[in-house]
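This report concerns only the one structure given below.
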Amino acid sequence: MKINPEQTSMPAVISIALVLIAMLHAGLQANAAPVTGERIAAADKEPGQWLSHGRDYGEQRFSPLKTINVDTVKDLGLTWKYETGNHRGMEATPLVIDGVMYLTTAWSRVAALDARTGKELWRYDPKVDGAKGRDACCDVVNRGLAAWGDKLYLGALDGRLIALNMKDGSEAWSVQTTDTSKPYTITGAPRVVKGKVVIGNGGAEFGVRGYFSAYDAETGEMAWRFYTVPDAPGESVDSAAMILARKTWAPDSLWETGLGGTVWDSFAYDPQLNLLYVGVGNASQYNREVRSPGGGDNLFVSSILAVNPDNGELVWHYQTTPADAWDYTATQHMILADISILGQKRKVLMQAPKNGFFYVLDRTNGELISAEKYVFANWASHVDPETGRPVETGLGDWADQSRMVSPAVFGGHNWHPMSFSPQTELVYIPTLHQVYPFQADKNYEYDIRTTNTGEDYAAVAKFAPSVRVNFCSPTRLTAWNPVTQKQAWQVGFNRGVSAGLLSTAGSLVFQGTTGGDLVAYRDANGEELWRQSVNVGIMAPPISYELDGEQYIAVVAGIGGALGGHTDVLDNINTGHVFAFKLGGKEPAPVVASVEKQVQVDASQMDEALVERGLELYAQHCIRCHGVGVRSSGLYPDLRLSSAAIHQSWEAILLEGALAPNGMASFSDVLSKEDVNAIHSYVISTALESTSFGNRMLQRAADMVCIPADWLAD
């Protein structure tokens, strides 16, 4: 196509450019085949693709590619980078299908890129209302897409399930999967099984009833729905699963909270057994003595479910944490594998949920094969091999007194995906080693407008220095032998945010860092073989793909989520990127501006009489984003570093929603003008206190108090 710029108008140039992009995308997809269950199940026959969230249905996150290996990895270099245009958390696993990379970014936005060059082919924005960010417990993140046929499937933050045409990103259909009057959110990636798109949701901390649903991939019509906890007696007709679950809840349970049990992340599928595996989250109101007076296991909170994907009926279940009181979800990554145990080949499901125990289950029937601690845990001594139940120590009982509990609410392992190598038969886990102070709110009353965990956040805030106590190396890369249930090797880090993992047939394990590096380790012993800085913190898992005989390693970068918002301090502006590496790559890393860390406040704006009240209100409404003791990481605005303009607009922001498009919604439904002034006074008081200590609150996780694990043993 020949263009004479002197005879072409600007609109015509733009039109021509769009045509060229469309032609480029069409060329990339010229030989594209529809994504099917057969293709995903046979993922190893197409090692150059990344067709599903965990690459295969078993979610092993192992790439058979080995051009990049222990000998050649030294020549690995950045080959392209793509700036996403946002500064919030980036947790997505990209898909790579027939030369095109598809990914999600913060606020549920989608982009399609040329996987060879990083050139943007199209972009889709579901236009989620910024005020919806108030309902997101853990940032406005999204973990990725599912593909089926010629469509992509997106779970949007506001509860919509959206089907997009792969070719141009146009919307094929959209359905609302949640009650919009309640604080449901979606941050997890859908999965497609036998032509049905499966999606869950989040919101248990605020008070909703958990469930997951299956929708027809072509039409968006709901096929079935599985509720994970019972409804109030008499409110609905119980399924067989709910009849079973109801027996484990007290008659006077806090039905008004919805009870929780949301399915916000993990799924896996075995095509041979035709079983869909689902990880279930925590309850609403963590304090089990208030949530379900009189006891009970509270099924199916913190459980692994195996269901028939054809009709959503329960086949078996295993509860990792009966009557969970610590936010010990079982929504963490599940891996399916066939491994030899005591000389017998077993079909297993492996999970390292938040509670600190690594589980190996027979995935055919849910039988416990083994469970051992993969991190220090003081709430339970062991898992009884006969009953499959954890044996509690009593050190985690916080209903009547405050307790320092490990693992923390972030868990021994959070959403950051593990990886399994069939070559080493090791599972690589991004582990967390932290402590959390639980204290019950004795005056708790359910309020749908705020969090409903039942904790006394004001007391926690006063105890702020201890909240930031860590074991030495608060995050680690742990290689775990699932047969012997022992650690094979471990690498420790001094930063508070974990990152997902990739293992490859090149005998390598790849993981990003908070400080902005991508690192390759030898899979057998953890020896560091390669590291490259990209100047943007990484917590998402890398992937690998191949085009034209060249292997690539790619990763989405950008810190956020619950951990990124509370446990670390960012050095650089959090500019979201995608980075792709190949042998011989020589693209320079992006130059990223550093974070300004200067406290400047006007003491005359503080009313000392309101500070204590401000602490209570801050703890109730602000702490989950802006941090304990107003110690934000930099992902969310550190309110102590607020400009004069922000201080002057304090009421407009909190009561009028002046910054709602950015995710800072109005709180006029729960706060009065005096309440807002009280919070302002508390924030100013903490900023003034910080300056007196030379801005020490801006230290990294590396500077936190480091304690030995046995400090919490009794």
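The values are calculated or read from the model by the stated rules, or taken from the named source; none is laboratory data. Owing to the predicted nature of the structure, the values given are computational and were not obtained by experimental measurement. Every residue, glycine among them, receives a Cβ derived from its backbone with ideal geometry; neighbour counts consider all protein chains shown.
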**Request:** Out of PRO422, PRO385, PRO474, report the one residue that is under 24 Å from ALA540 (Cα atoms) and surrounded by fewer than 23 Cβ atoms within 10 Å (Cβ to Cβ).
**Result:** PRO422
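Could you list, in sequence order, the residues of the range 334-358 that are of a type outside the set (A, V, I, L, M, F, W, C) and over 20 Å from the mean Cα position of the chain (by Cα)?
ASP338, SER340, GLY343, GLN344, LYS345, ARG346, LYS347 - these are the residues of the range 334-358 that are of a type outside the set (A, V, I, L, M, F, W, C) and over 20 Å from the mean Cα position of the chain (by Cα).
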**Request:** Give me the pairs, please: first residue somewhere in the range 544-558 and closer than 18 Å to SER419 by Cβ, second residue anywhere and part of a strand (DSSP E or B) and of a type in the set (D, E, K, R), beta-carbon distance under 8 Å, and either six or more positions apart or on two chains.
**Result:** GLN551/LYS582; TYR552/GLU546; TYR552/LYS582; ILE553/LYS582
**Request:** Kindly indicate the residue of the range 345-367 that is without any contact (Cβ under 8 Å) to a residue 60 or more places away in the chain and buried (at least 18 other Cβ atoms within 10 Å of the Cβ) and also nearest to PRO482 (Cα to Cα) among those meeting that condition.
**Result:** TYR359
**Asked** Does the range 631-639 contain any residue that is surrounded by fewer than 17 Cβ atoms within 10 Å (Cβ to Cβ), assigned to a loop (DSSP other than H, G, I, E, B) and more than 29 Å from the chain's Cα centre (by Cα)?
**Response** no
**Complete:** Checked pairs for the range 433-454, first charged (D, E, K, R), second assigned to a loop (DSSP other than H, G, I, E, B), C-beta under 6 Å and 6 or more apart or across chains, list as ASP441/GLY454; ASP441/ASP456; ARG449/ASP669; ARG449/VAL670
**Asked** Can you pull out the residues in the range 493-513 that are over 15 Å from PRO542 (Cβ atoms) and modelled with pLDDT under 95?
**Response** PHE493, ASN494, ARG495, GLY496, VAL497
**Item:** Hits in the range 390-433 (condition: of a type in the set (Val, Ile, Thr), part of a loop (DSSP other than H, G, I, E, B) and closer than 14 Å to TYR328 by Cα)
**Value:** VAL409
**Message:** One residue is enough: does the range 539-560 have a residue meeting the conditions over 23 Å from ASP71 (Cα atoms), surrounded by fewer than 24 Cβ atoms within 10 Å (Cβ to Cβ) and under 22 Å from the mean Cα position of the chain (by Cα)?
**Reply:** no
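Take VAL73 and decide whether it is among the hydrophobic types (A, V, I, L, M, F, W, C), surrounded by fewer than 24 Cβ atoms within 10 Å (Cβ to Cβ) and either more than 21 Å from the chain's Cα centre (by Cα) or under 22 Å from SER213 (Cβ atoms) (or both).
When the stated conditions are applied, VAL73 passes them.
Results for (1) acidic (Asp, Glu); (2) in a loop (DSSP other than H, G, I, E, B); (3) touching a His at 6+ places or on another chain (Cβ under 9 Å); (4) over 21 Å from TYR57 (Cβ atoms), shown as yes or no for each residue.
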position: GLY118; (1), (2), (3), (4): no, yes, no, yes
position: LYS127; (1), (2), (3), (4): no, yes, no, yes
position: LEU154; (1), (2), (3), (4): no, no, no, no
position: LEU164; (1), (2), (3), (4): no, no, no, yes
position: THR180; (1), (2), (3), (4): no, yes, no, yes
**Message:** The conditions are (1) surrounded by 18 or more Cβ atoms within 10 Å (Cβ to Cβ); (2) closer than 26 Å to ALA43 by Cα, and THR117 fails exactly one of them. Which is it?
**Reply:** (1)
**Request:** Give the residue, chosen from GLY133, GLY58, GLY89, GLY54, that is in contact (Cβ under 8 Å) with a residue 24 or more places away in the chain, assigned to a helix (DSSP H, G or I) and surrounded by 20 or more Cβ atoms within 10 Å (Cβ to Cβ).
**Result:** GLY133
**Asked** In the range 399-448, what residues are modelled with pLDDT under 95, over 23 Å from the mean Cα position of the chain (by Cα), among the polar types (S, T, N, Q) and over 23 Å from GLY258 (Cβ atoms)?
**Response** GLN401, SER402, GLN439
**Fill in**
When restricted to TYR374, TYR436, the only residue within 22 Å of LEU502 (Cβ to Cβ) and of a type in the set (Phe, Trp, Tyr) is TYR374
**Asked** Of everything in the range 477-512 that's surrounded by fewer than 21 Cβ atoms within 10 Å (Cβ to Cβ) and among the β-branched types (Val, Ile, Thr), which residue is nearest to the chain's Cα centre (by Cα)?
**Response** VAL491
**Request:** Take the range 226-279 and flag every residue that is of a type in the set (Val, Ile, Thr), in a loop (DSSP other than H, G, I, E, B) and in contact (Cβ under 8 Å) with a residue 40 or more places away in the chain.
**Result:** THR228, VAL229, THR248, THR262, VAL263
**Message:** Which condition from (1) more than 29 Å from TYR618 (Cβ to Cβ); (2) at pLDDT 95 or above is the one that SER473 breaks?
**Reply:** (2)
**Complete:** (1) assigned to a loop (DSSP other than H, G, I, E, B); (2) under 20 Å from TRP224 (Cα atoms) all hold for VAL175 apart from (1)
**Prompt:** For LEU103, are the conditions met, namely being closer than 23 Å to THR36 by Cβ, among the aliphatic types (A, V, I, L, M) and touching an Asp or Glu at 6+ places or on another chain (Cβ under 8 Å)?
**Reply:** no
**Item:** Count of residues meeting criterion [touching an Asp or Glu at 6+ places or on another chain (Cβ under 9 Å) and outside any strand (DSSP E or B)] in the range 308-322
**Value:** 1
